[in-house]
1. Restricting attention to the stretch 10-25, report how many residues are open to solvent by 70 Å² or more (accessible area, probe 1.4 Å) and part of a helix (DSSP H, G or I).
2. Filter the stretch 310-330 down to the residues that are among the hydroxyl-bearing types (Ser, Thr, Tyr) and in a strand (DSSP E or B), then identify the one that is least open to solvent (accessible area, probe 1.4 Å).
3. Would you check if Pro64 is in contact with a Cys (Cβ under 9 Å, 6 or more places away or on another chain) and either more than 16 Å from the ligand (Cβ to nearest atom) or in contact (Cβ under 8 Å) with a residue 12 or more places away in the chain (or both)?
4. For the structure I just gave you, tell me whether Thr361 is closer than 27 Å to Ile8 by Cβ, among the polar types (S, T, N, Q) and surrounded by fewer than 17 Cβ atoms within 10 Å (Cβ to Cβ).
5. Only one of these is on the phi < 0 side of the Ramachandran plot and either of a type in the set (Phe, Trp, Tyr) or open to solvent by 70 Å² or more (accessible area, probe 1.4 Å) (or both): Ser158, Ser188, Ser128, Ser175. Name it.
6. Which residues, counting only those in the stretch 293-309, are closer than 14 Å to Glu31 by Cα and part of a strand (DSSP E or B)?
7. Just wondering, is there one or more residues in the stretch 143-150 that are within 18 Å of the chain's Cα centre (by Cα), within 30 Å of Pro325 (Cβ to Cβ), part of a loop (DSSP other than H, G, I, E, B) and at pLDDT 95 or above?
8. Among the residues of the stretch 38-45, is there at least one that is over 30 Å from Gln397 (Cα atoms) and in contact (Cβ under 8 Å) with a residue 40 or more places away in the chain?
Amino acid sequence: MGISVSEIITGGSGRCVDRRVYVDPEIYQLERERIFRRTWQYVGHEHQVSEPGAYLSATIAGEPVVICRGEDGRLRGFYNTCSHRGAILTEAERGRCGGRFRCMYHGWTYDLEGRLIGVPHVEAYGASFRREAYHLVPIRVETLAGMIFAALDPVVNSLEEFLGDAAPYLRKYGSNTEVIGRLRYLYSGNWKLWHENFADNYHPEFVHKLVRDMYVGYEAQGTNHQLDPGHGLLIWPAIRPHFERYQAGLQQASGLEIDLSRNANWDFSPFVGQPAQEELVLTLFPNFDFASFYGASIELRVVQPLAVDRTRVDLYVLGRKDDSPEIRRWRLERSASWLASHGKVAADDLEALHRCQKGLTAQVGRQVDINRGHKPGKVGEARDEYSIRSFYAAWRQYMK
Ligand code: FES
């Protein structure tokens, strides 16, 4: 008799993961219901909906939602579906609704608090028609450091409790930021592979030649943290890159004369003289990743599962609100250069994830190993896997 889904979910030592969690469609459906419907999901930044009537739309656990700023200044969220016959109220990712959402199908209209305020030819519904029975269905919305999170489950813990040990880091490094650009890419692999990869500092010296050359020895520095409940942190001192080593490597491989100093986004010169920050990668359960490198590249990523073996990564490039135009341009160019699907670092990672997904379809009875790091407590060296074990501890809790 085969092993049941519940045995897969609860089995293992906490230091290994059953391979079927990456390839089994039944487990994927359970993840949608038990994790994505019950966790806080990043949906945007406050500056994107700063005026009454401004809204943004998103998808959580496959369901459409809309977040809008009310006349009273409050952010509210609703399922993005008309109460009449179900049409989506807006398909735009962002916009201004002019104080009301009007469904395009039969013209039902809702105010910014989700109340049904207009029904064309309402008399046909009879005297017993009650508008309040048709108000939009609300969802939870909270913010931290200007970032907006939404939750479908009305009884989830507060955002602060959900973020737990990760909240101070997100507040410290994410405050005073705004979204200045976006990249999006798809890959043929399970959503957890990306999130794990982001918490993994064991692979860069093998996968990313760029990182190995430019940040010599960095992987042996820093620490890997379990942040309860389910989050992780990689943090290490700011390291100034060795451009000359990477340039020499490129020349050797290509046989071409290369002068990286002529490419402005290779250097951190716009930030020279500013206090260097630690470099950190914050992985928030279940699918939100935040990174700040040298205080120069600030990015967040939302991993959107599309199928058990199909995933979209929405990468948002952040800037500081008081950035000069030159700094802003530098941030955008650098992110496009390094992190687009054709970029240097992202292309390496995506290749690794493709290979993992292919390999994991071999159900050889072995488990995926996340065993690195045996110091007691919640902190190990940067190449350890405290962050990944933290994720799977929460994953098991939600999935049970
Ligand atoms: Fe929206 Fe009919 S579906 S008004």
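1. Count: 3.
2. Let us first name the residues in the stretch 310-330 that are among the hydroxyl-bearing types (Ser, Thr, Tyr), namely 311, 316, 324.
Keeping just the survivors that are in a strand (DSSP E or B) gives 311, 316.
Details: Thr311: 0, Tyr316: 39 Å².
Only one residue tops the list, namely Thr311.
3. no
4. Details: closer than 27 Å to Ile8 by Cβ: yes; among the polar types (S, T, N, Q): yes; surrounded by fewer than 17 Cβ atoms within 10 Å (Cβ to Cβ): yes.
So Thr361 fits the description; yes.
5. Going through Ser158, Ser188, Ser128, Ser175 in turn, the sole match is Ser128.
6. Result: Val303, Gln304, Pro305, Leu306, Ala307.
7. Checked the stretch 143-150: at least one residue is within 18 Å of the chain's Cα centre (by Cα), within 30 Å of Pro325 (Cβ to Cβ), part of a loop (DSSP other than H, G, I, E, B) and at pLDDT 95 or above.
8. no
The values are calculated or read from the model by the stated rules, or taken from the named source; none is laboratory data. Since this is a predicted model, take the numbers as computed values, not measurements. Note: ideal-geometry Cβ built from the backbone for every residue, glycine included; neighbour counts use all protein chains shown. In case anyone asks, the SASA skips ligands and DNA or RNA and just uses the protein heavy atoms, side chains included. Shrake-Rupley method; radii C 1.70, N 1.55, O 1.52, S 1.80 Å.
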